[in-house]
Number of protein chains: 2
Amino acid sequence: MALIVQKYGGTSVGTPERILNVARRLLATQSEGNSVVAIVSAMSGVTDSLIKLAKEVSNQPTEREMDVLLATGEQTTMALAAMAIQHMGGKAVSLTGAQAGIVTSGVHTKAKISNVTPDQIQKHLSDGAIVIIAGFQGETSDGAITTLGRGGSDLTAIAIASAIDADACQIFTDVDGVYTCDPRIVPTAKKIEAISYDEMLEMASSGSKVMQSRSVEFAKKFGVEFEVRSSFNNNPGTIVKEESAGMEQVVVRGVSIERNQAKVTVAQVPDKPGCAARLFTALADAHVMVDVIVQNVSASGSTDISFTINRDELEKIGDLLDRVALEIGAGEVRKQDGIAKLSVVGIGMRTHSGVAAKLFEALAKGGINIQMISTSEIKIAVILDEEKIAEAAKLAHTAFGLDASA
Amino acid sequence: MALIVQKYGGTSVGTPERILNVARRLLATQSEGNSVVAIVSAMSGVTDSLIKLAKEVSNQPTEREMDVLLATGEQTTMALAAMAIQHMGGKAVSLTGAQAGIVTSGVHTKAKISNVTPDQIQKHLSDGAIVIIAGFQGETSDGAITTLGRGGSDLTAIAIASAIDADACQIFTDVDGVYTCDPRIVPTAKKIEAISYDEMLEMASSGSKVMQSRSVEFAKKFGVEFEVRSSFNNNPGTIVKEESAGMEQVVVRGVSIERNQAKVTVAQVPDKPGCAARLFTALADAHVMVDVIVQNVSASGSTDISFTINRDELEKIGDLLDRVALEIGAGEVRKQDGIAKLSVVGIGMRTHSGVAAKLFEALAKGGINIQMISTSEIKIAVILDEEKIAEAAKLAHTAFGLDASA
């Protein structure tokens, strides 16, 4: 008999019919001889409605009360899911984050789980009940309701799986798993059977938004193996786990793309300590999220510094950088949107050489110009003209042997 | 500086605008130098929507999960109310029933408050915050969410007022207070300034549905004086309190009416021990709520027993009583709807004689026939033809000198 944690996101529980469907899945899992814990999100749309309601009484609701308000969304789903199981003749009990023993830091709207005391969960499991737990929420040690921020229900699932030492943790979502590339862009993309935490993290931060990075980081830290799969079919999904020896034989696990990027170049930044710091401190103060940063070696006492940001952040910059450039004695500031990022990710890069060369060659053959390059240990990212991104993704996908066999 | 508890019902917090209005009232009360605790209900309509949602996943939701679901209604309001106060520059903090220290029995959907540990309330009050508490809910000693049933938010307010030894407990509702009679029936009805717990209880059980009896009983038991008043204006309301010497000088405090009644008579019930018991046990088993019961002295070894019920309960009876009557050797069972109950209530009856005579005389003068009579220490109830009830109420109201001076 296995102990299984299943997490169902907002789309999977978006209507009463879908909640009944989730109830059937949970009962089926239990009837195969397993103990079952389910983590549920708010029904899709509910969180937005609550936020809208809050805005009607306050243009800047406090985070403490926002947490109290939003926590009702998951509480509603958990009660309905338990009722649905009971309706089908099963045994179920619902628990809020606090009741499930999820203790968090006191930072409202983005609390961190500090520990889990799963006494209630274990008590109800040993009674034979399916235990339904509200995702996304917890309680501070002095009893205030907190929420965990974006992707918080995934985090709940992984933390609970760790705390009760579950045999499996399944993250049910509206996609079949993690793909070698977005199938809408690259029709030959295929589902990845197994991926390492590090690869998943790089994919997530490169535009493949199946899960938030923090949940993957948490799973990595506590060694929780989990599976991302669809709640709308019974296909196996993608297993996310510690890397194993065999995994390194694949050089590139997947190709991520991120559109809607913009590039900013500050020319002739004096090659003196503190100049780059001044630049990026000014951006941080303006809450601009910088992605790739490239600076080449200085040849003539000054150097160009380029970085990319989400296109929507461009307006936050305004003439900020012109002022900073003047202060530090740099040259012109050039901004350009209409660019995109392509990343190839794989832990095999650590042991295989020539990966970058292979990528550049593939793009060159397609006549695609690379504007910037940035690498990490298991990722190579290139900045391209946005118009070329789909073609570039196909070329890279083929070059690294990722295409599904026809 | 006084410590004031205010309770706002579902209509008073029915929209974001009304919640802002409640926030203004709470701030105004605080700015007069008071410490303020507010108990809030779910926004009107929310509880019904949640019940509808539950019915979509289960035709018979369990009571435990229904409590979990319904408790979100008050939690939503409390967060919005706290946000509204904060938006206006005030300091506020919301607490669920559990957080406010309301410990209840384990009976779901109609739990009883067993004790209140107001540590959190007092802590936040001493921080200068307005404390907003979810009405209608609590937590069992082993951590399950419970709700208190109909009128539960009033009960929360009175229990908290008692626990923190508040100087005033104000129940804000959509009426101005308790009237000598329903002003829609008797236009000369006037607001009662002060009423005793016992009178309020008799009024409540006689059709004046300003508050549920159990909240009044709770207030009586713990000696909590409270005021029923409107959240839509600033008029003083009705004070409900221990009876005082002066109160007895008014013979009749008010006139209550209850329409939609039905009368059932079982003829010739044998005058033997156990026959009436068989009759009413059968009704209780069928969940029929019986109101007035009248049995006259036996003359010939048998007697007629009559009782009234809500008209809607008639169909529950069906042919049940015919069978019981056969068993116990009674005669015919007669059912009649289209009747109503009129009650005159007042603690002055204890010390004044002739009250019944005065009522009967007033009705007789109007040509109104009395079908049944039932009395308690401070109430005289009569059963009449429903068509005559408005006229009867006016006659009684005038006879006991309750009419407002023009």
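Structure notes:
- Modelled FRET efficiency - R0 25 Å, A:LYS335 with A:ARG184, Cβ distances, 0.05 increments: 0.30
- Proximal lysines to B:LYS365, defined as alpha-carbon separation beneath 20 angstrom and excluding residues fewer than eight positions away on the same chain: B:LYS341, B:LYS388, B:LYS394
- Antiparallel bridges, percent of DSSP beta bridges restricted to the protein assembly as shown (to nearest 5): 60
- For chain A, built as a Gaussian network whose Cα springs stay under 10 Å, the top-fluctuating residue of A:LEU125, A:LEU342, A:LEU326: A:LEU326
- Centre-to-centre separation between the Cα atoms of the range B:379-406 and those of the range A:113-152: 58 Å.
- Other protein chain Cβ atoms within 10 Å, averaged over every residue that makes up B:65-73: 6
- Principal-axis tilt of helix B:275-285 within chain B, Cα atoms, nearest 10 degrees: 40
- Based on Cα contacts under 8 Å between residues 6+ apart, chain A shows a relative contact order of 14 percent.
- Degrees separating the helix A:213-222 axis from the principal Cα axis of chain A, which is the longest one: 70
- Residues A:SER376, A:SER230 arranged by fewest to most Cβ contacts within 10 Å: A:SER376, A:SER230
- Projecting 7 Å from Cα along the Cα-to-Cβ direction, the label point of B:LYS112 sits 4.8 nm from its equivalents in the other copies, listed shortest first.
- Teacher prompt: B:SER44 distances to equivalent labels in other copies, 7 Å Cα→Cβ, nm: 3.5
- Selected from B:GLY73, B:GLY97, B:GLY367 as most flexible by GNM, with chain B as the system and alpha-carbon contacts under 10 Å: B:GLY367
- Once the Cβ-Cβ distance of B:ARG259 and A:LYS52 is raised to the sixth power relative to R0 = 51 Å, the FRET efficiency obtained is 0.80.
- Three semi-axes describe the equivalent ellipsoid of the range B:1-105; taken as square roots of 5 times the Cα gyration tensor eigenvalues and ordered largest first, they are 29, 16, 10 Å.
- Residue ranges B:174-180, B:352-358 sort as B:174-180, B:352-358 when ordered by packing (mean number of other C-beta atoms within 10 Å per residue, highest first).
- For the peptide B:50-62, the mean number of other protein chain Cβ atoms found within 10 angstrom of a residue's Cβ is 6.
- Vicinal HN-Hα couplings computed from phi for the range A:17-34 (Karplus, 6.51 cos²θ - 1.76 cosθ + 1.60; Hz; Gly/Pro x): 4, 5, 5, 4, 5, 4, 4, 4, 4, 5, 5, 5, 5, 5, 5, 7, x, 9
- Packing, taken as the mean count of other beta carbons within 10 Å per residue, orders the peptides A:250-262, B:99-111 from highest to lowest as A:250-262, B:99-111.
- Taking 7 Å steps out from each Cα toward its Cβ at B:ASP319 and B:ALA277 produces label points 2.8 nm apart.
- Computed from backbone phi, the HN-Hα couplings of the range B:286-295 come to 8, 6, 8, 8, 8, 9, 7, 10, 10, 9 Hz, rounded to whole numbers (Karplus: 6.51 cos²θ - 1.76 cosθ + 1.60, θ = phi - 60°; Gly and Pro given as x).
- Base-10 log of normalised Debye intensity for chain B (one unit scatterer per alpha-carbon) at q = 0.08, 0.10, 0.11 Å⁻¹: -0.51, -0.78, -0.91
- Using only side-chain charges placed at the Cβ, +1 for Lys and Arg and -1 for Asp and Glu, the dipole size of chain B relative to its Cα centre rounds to 380 debye.
- Take B:311-318, B:148-155 and order them by the average number of nearby Cβ atoms within 10 Å per residue, most first; the result is B:148-155, B:311-318.
- Other copies of B:ARG334: label-to-label distances in nm, shortest first, labels 7 Å along the beta-carbon direction: 10.5
- Rounded to the nearest whole Hz, the Karplus-based 3J(HN,Hα) values (6.51 cos²θ - 1.76 cosθ + 1.60, θ = phi - 60°) of the range B:137-153 follow the sequence 9, x, 9, 6, 5, 9, x, 8, 6, 10, 10, 9, x, 3, x, x, 5, with x at glycine and proline.
- Dividing the convex hull volume of the alpha carbon atoms of the protein assembly as shown by its residue count gives 214 Å³ per residue.
- Across every direction, the projection of the convex hull enclosing the Cα atoms of the range A:280-406 has a mean area of 10.0 nm².
- Residue-averaged beta-carbon neighbours from other chains (10 angstrom radius) around B:88-98: 3
- Cα-based helix-to-principal-axis angle, B:63-87 vs chain B, degrees rounded to 10: 50
- The count of lysine pairs in the range B:3-174 that are at least 8 places apart or cross chains, and whose C-alpha atoms lie under 30 Å apart, stands at 13.
- If you wrap the tightest convex hull around every Cα atom of the range A:81-194 and split its volume per residue, you get 140 Å³.
- Taken as Cα centroids, the range B:259-328 and the range B:178-249 sit 32 Å apart, rounded to the nearest whole angstrom.
- Semi-axes of the equivalent ellipsoid for the range B:165-265, Cα gyration tensor, largest first, Å: 22, 17, 14
- Of the GluC sites (Glu not before Pro) in the range B:318-368, those whose Cβ has at most 14 other Cβ within 10 Å and which sit in DSSP loop: B:GLU332
- Chain B residue nearest the axis that carries B onto A, by Cβ, with distance in whole Å, is B:THR72, 2.
- Binned Cα-Cα distances of the range A:3-174, short to long, each 10 Å bin given as a whole percent: 11, 42, 34, 11, 1, 0
- Looking at chain A, the DSSP beta bridges with both ends there are about 60 percent antiparallel.
- Looking at the range A:3-174, the DSSP beta bridges with both ends there are about 20 percent antiparallel.
Throughout, read-outs are computed from the coordinates displayed, never taken from laboratory work. All figures in this text were calculated on a predicted structure; none of them were measured in a lab. Glycine gets a Cβ as well: all are built from the backbone with ideal geometry, and neighbour counts include every protein chain shown.
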